[in-house]
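Notes for the one structure printed next.
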Amino acid sequence: MSPQHPAHADTLPAGAPSSISISDVRPRLEGGRYPTRRISGEWLGVTASVLHPEPLEARAAALFRHEHDETWQLVPMKPHGDGLWAAAFQLYAPGRYFYTVEAWVDEFATWRERLRRAAMAGRDTEAELASGAAMLRAAAKSAKGAVRLALQKAAARLADRDLGMARIHTALDGELAEQMAEHGPRGQHTAYEQELVVLVERERAAYGSWYQFFPRSCGPDERTHGTLRDAEQRLDDIARMGFNTVLLSPVHPVGTTNRKGREGQGAARAGDPGSPWAIGSPEGGHTSIDPRLGTLEDFERFTAAAREKGLEVAMEIALHASPDHPWIAEHPGWFLRRADGSPQPVDHPRQAFTDIVAFDFCGAEWRALWAALRDVFLFWCARGVRCFRVDHPHAKPLAFWEWVLAEVRGKHPDAVFLAESFTTPRLQEALAKAGFSQMLTYFPWRNTKQELVEFFADLRSDQKSEYFRPNLFPTTPDVLPEYLQAGGRAAFLVRAFLAATLGDSWGVYSGFELGENEAIPGTEEYAHSEKFELRPRRGPQRQGIREFITRLNAVRRDHPALQPGGVLSFHRTDNGSVLFYSRRTLDLRDVLLFVVNLDPRSVEAAWLEVPIDELHIPEDDVYQVHDLLGDIRLHWQGRYAQLLLDPRTLPCHAFLLRRRVRSERDFDYFG
């Protein structure tokens, strides 16, 4: 008698074991800790490793449901060899979708394979045919109409010994296999242990052209504070340039304690407006409008005027406060305190922010503070705002962002959040995983060919693209890169071209279209920074790149290759200053080739290696490229072409690829 090991019984599975295992379900971020991302209308492809003993035949399915649905939808998965199964389903409504994978033994398919082997080996098949007939009769009970009759007929044929080998042919019929896949018996059902999440957002979360400006600078001169009604006058020009999102700097009352003077230096003089990021005064805080700008009614009028012109209003939200904020007196426990009990100024490694103080996100009253800050977002959502640019989110706890963004989306699934977060790459990625729709990136400092290729290869990597969406701003009110300070008009053309064609979302800060590039010497700070003084842009202005930006936005709007889902590829040139890349749709119906001289001071020539194999262009075929910016047309043949790029005229080209239809003079869109 063998020795007993009762302790081993405790380690046995609680339920009946299964021959099927499911693992490595993708997409899955950090083991399912964070949701992957999609846009309404996009498809989610799901893969899984589904393994089972070889004698058995298995089937698998992806299941999904919207968070407001009670029932799951099932999509059959297809095997792709070596245990890999895949399926895809379309996501329509914003919000959270849950998805998982299930698998089971297909008992009828397993039986068919066993019958086939027996028949080929010449073994007796009567017992197998009887088993198959029984399965068909049982399945017919759950079927209806013509399928039920077909299954009953097949069962009768399998039981009819007079039919001989015809019974084998009936059993192996492909249509019968499809009917039994739906109605036949399923054994050893296995479900993946997790329900994974995909966060679905509206298109603006992934695609848009943003224009940022300060409403207070819309007055008649640098001494007169602009109003929201003055700012309405800017909307026509912004819409004409093809932007679809208007981003406002903070519009709240500005504190007076420690108000900063011009250039952010010293105490403010009489008439200095202070930084709009110093939020809060006796007139109100984060849910108030600066009286110098107008009223809440004026704000609602502004957003309505923007909508009429096809523009969506985005607001800057900065979660800190002026020392004059009403909450200082009303809720003293919401703020970090120094040893003497005074509120702690916001700490920053490069600047002294004496005009703003920090919230205590992890203090004794954190619950009330978090709820109040959530209600700031909800307050503006109630007034029609759904886009928010969040200032310095990396200075607040990740747990707060994960909670508050989910709270706002729970009530407004169409809310979009852009993070202004110039911090470490790992922290940027963590913020994106926590729920931010878009991120400002290090794009302003990626200038060389190698830097750009490596940067966008990282952004478009399979894993990172599941949750990280860049918004490419060449400048911000805080950042005027050296490349633009020294490169003149050509540098502005190059950076706008790169931002608008490499990314699905891009934007400019007011003055970029005018080529404003005066900086405080030795810094990346604008001279006469609009953060600390009024900068009206009326009257005669320098020659800028307004028409070029207008054309870029039109190209983006007209071509699916430059919208979400467009494939980005970099291609070879023989010149280290010339970048060559393409954007194309998966079906190749829209293909654009981009060439740009990255040196704004030098004329550059380059041989381009056109990816004709990827584009299915025969080696000897003549094809046309049509520059959508300069309106020139060139005929190329083969895989090599040469270009000269002069920054004094146009340092870049956006070529629409056309194919020959009947003759070299007759071309159509590539496809």
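The values are calculated or read from the model by the stated rules, or taken from the named source; none is laboratory data. Computed from a predicted structure; not experimentally measured. Backbone-built Cβ (ideal geometry, glycine too); neighbour counts: all protein chains shown.
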Which count do you get for residues in segment 464-487 that are in contact (Cβ under 8 Å) with a residue 60 or more places away in the chain and either out of contact with any helix residue (DSSP H, G or I) (no Cβ under 6 Å at 6 or more places or on another chain) or among the charged types (D, E, K, R) (or both)? 7
Which of (1) farther than 18 Å from VAL254 by Cα; (2) crowded, with 21+ Cβ neighbours inside 10 Å; (3) in contact with a Pro (Cβ under 9 Å, 6 or more places away or on another chain) is the odd one out, the single condition ASP324 does not satisfy? (1)
Here are ASP587, ASP504, ASP574: which of them is loosely packed, with under 15 Cβ neighbours inside 10 Å and touching a Gly at 6+ places or on another chain (Cβ under 8 Å)? ASP587
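Being touching a residue at least 60 places away in the same chain (Cβ under 8 Å) and either surrounded by fewer than 16 Cβ atoms within 10 Å (Cβ to Cβ) or not in a loop (DSSP other than H, G, I, E, B) (or both): is that true of LEU293 here?
For LEU293, the condition - touching a residue at least 60 places away in the same chain (Cβ under 8 Å) and either surrounded by fewer than 16 Cβ atoms within 10 Å (Cβ to Cβ) or not in a loop (DSSP other than H, G, I, E, B) (or both) - is not met.
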Total residues in segment 357-371, condition assigned to a strand (DSSP E or B) and more than 32 Å from the chain's Cα centre (by Cα): 1
Filter pass, SER21 being surrounded by fewer than 20 Cβ atoms within 10 Å (Cβ to Cβ), more than 22 Å from ALA206 (Cβ to Cβ) and either in contact with a strand residue (DSSP E or B) (Cβ under 8 Å, 6 or more places away or on another chain) or at pLDDT 95 or above (or both): yes
Is there any pair with a first residue in segment 167-195 that is farther than 14 Å from ALA60 by Cα and a second that is surrounded by fewer than 18 Cβ atoms within 10 Å (Cβ to Cβ) and among the aromatic types (Phe, Trp, Tyr) whose Cβ atoms are under 9 Å apart and which are 6 or more apart or on different chains, and what are they? GLU195/PHE98
Which listed residue, of LEU592, LEU598, LEU579, LEU608, is at pLDDT 95 or above, of a type in the set (A, V, I, L, M), closer than 20 Å to GLN563 by Cα and surrounded by 14 or more Cβ atoms within 10 Å (Cβ to Cβ): LEU592
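For the structure I just gave you, tell me whether LEU418 is more than 24 Å from ALA306 (Cα to Cα), of a type in the set (A, V, I, L, M) and either buried (at least 22 other Cβ atoms within 10 Å of the Cβ) or in contact (Cβ under 8 Å) with a residue 24 or more places away in the chain (or both). Lay out the reasoning, then the answer.
Values: more than 24 Å from ALA306 (Cα to Cα): no; of a type in the set (A, V, I, L, M): yes; either buried (at least 22 other Cβ atoms within 10 Å of the Cβ) or in contact (Cβ under 8 Å) with a residue 24 or more places away in the chain (or both): yes.
Answer is no for this residue.
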Segment 170-198, residues that are in a loop (DSSP other than H, G, I, E, B), under 23 Å from TRP72 (Cβ atoms) and touching a helix residue (DSSP H, G or I) at 6+ places or on another chain (Cβ under 7 Å): GLY184, PRO185, GLN194
Would you mind finding the one in ALA304, ALA329, ALA339, ALA314 that is hydrophobic (A, V, I, L, M, F, W, C), surrounded by fewer than 21 Cβ atoms within 10 Å (Cβ to Cβ) and not in a helix (DSSP H, G or I)? ALA339
So which residues in segment 352-401 are buried (at least 17 other Cβ atoms within 10 Å of the Cβ), in contact with a Gly (Cβ under 7 Å, 6 or more places away or on another chain) and modelled with pLDDT of 95 or more, if there are any at all? TRP401
